[in-house]
Amino acid sequence: MEQLHAPVRLSPKFEDKLLRKVWLAGAAIIVVVSGGIAFAENAGDAAAVKSEDGKYFDKEGNPTFKVAADGTVDWYTYSGYRRYHSECHVCHGPDGMGSTYAPALMDSLKTMGYGDFVGVVASGRTNGNSVMPALGDNPNVACYMDDIYIYLRARANDAIGRVRPAKKEDKPMAAAAPAAPAEFPPPRCQLLL
């Protein structure tokens, strides 16, 4: 059989542009067919609708923050600030803003709900070369997971700034340390360990 014409060769620049368009169209089709981009759990409305023993909760029952008009934060937001900066900021950067090797948690909490947060912190996660260690057996994290979540949720919602909260509510009895003799783990932690 006789060849009627030589194969047409596109310029590398035009071929690259064409391949990008084909890839982008394919990705768009996949997103549309799959129903869009979905997150594991939506972070939801962070507004506090109820309080129990000084801890605030949103309409879904997830722990949340409360910041008064004068900037006073609830105790758990303040405690979360302290706990985050004692355990988490080494990898995730100051104020939840991320680092060169760990994500900005203030951004993650815009789409990550409470259950997913607790699961990742307690059990860890591997994503490519990035490894979040399991911290469920670290009492400095596990016992204060709600506090850390509340602080990061407040940061994610721009309810507090980058500095240590200047004013805080009094520490509620539910968060108070046990009376002497000290027992470990504190009552607040017994179910977590």
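Equivalent ellipsoid of region 79-142: semi-axes from √(5λ) of the C-alpha gyration tensor, largest first, are 15, 15, 13 Å. Coupling constants for region 144-151 follow from the phi torsions by the Karplus curve (6.51 cos²θ - 1.76 cosθ + 1.60, θ = phi - 60°), and in residue order they are 10, 4, 4, 4, 5, 4, 4, 4 Hz; glycine and proline get x. Amide H contacts under 5 Å for K168: V73, restricted to partners 5 or more places along the chain or on a different chain, H placed in the peptide plane at 1.01 Å from N. From most to least packed by mean Cβ count within 10 Å, the peptides 107-113, 157-163, 71-77 give 71-77, 107-113, 157-163. Can you list the residues of region 90-106 with backbone N under 16 Å from a point 7 Å past the Cα of N127, pointing along Cα to Cβ? What the label zone holds, given the 16 Å backbone N cut-off, is 91-93, 96-106.
Note on E87 and E60: the model spin-label points, each 7 Å out from Cα along the C-beta direction, lie 2.2 nm apart.
Just so you know, all these numbers are worked out from the coordinates, no wet-lab data involved. All values derive from a computational prediction rather than experimental measurement. Here Cβ is always computed from backbone atoms with ideal geometry, including for glycine, and neighbour counts include all displayed protein chains.
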